[in-house]
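Read the figures in this text as sums done on the coordinates, not as results from a lab. Since the structure is predicted, the reported quantities are computational estimates derived from the model, not experimental observations. Heads up, the Cβs are rebuilt from the backbone with ideal geometry, glycines too, and the neighbour counts pull from every protein chain shown.
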Amino acid sequence: MLLKKLKPIVKLVSIYLLVVTLINVFYQSPMTVDAVDDSSAIKYLSKSEAEKMVKDTRNTLLIDVRNRAEYLQYHLEYAINIPMVELNEHLKELESYKEKDIIIYCQKGNRSKQVAQQLRALGYKRLYVIASGLE
């Protein structure tokens, strides 16, 4: 009798746990998802950490992936502009940085994260994103 009463509750709890697990898998924060594979993980920095890294480290590439107009309005010192929509056109230029530090930023962090994911998929190892962009 007790088992019959518990069966619907067990079923609901199982469904709830499944839904929570799926939500965690699909909506994890970037830090959690990327921490799984440290060798090619995208690391997130603050704007000041990125600026310090560029000044302190030789051969660090700083890429602004905003459009040309945004870049001309304001950009970080030492940054080059490769708009996100033009990334494929610049891959040959970036080839020599596959094993070097690349810091990517945009206005809010969304475009830079997408570019970093694309570069990681192409085998780039040391990728950093300014987490909140320039804001």
Only Cα pairs under 8 Å and at least 6 apart count here; give the relative contact order of the stretch 37-130 as a rounded whole percent. 39
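Quick check on my link table: of Lys52/Lys100; Lys43/Lys125; Lys47/Lys98; Lys55/Lys113, which ones sit more than 20 Å apart, alpha carbon to alpha carbon? Could the numbers behind the result be given before it?
Details: Lys52/Lys100 16 Å; Lys43/Lys125 10 Å; Lys47/Lys98 22 Å; Lys55/Lys113 22 Å.
In this structure, Lys47/Lys98; Lys55/Lys113 lie more than 20 Å apart at Cα.
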Where the only charges are on Cβ atoms (+1 Lys, Arg; -1 Asp, Glu), what is the dipole of the stretch 96-135 about its Cα centre, to the nearest 20 debye? 120
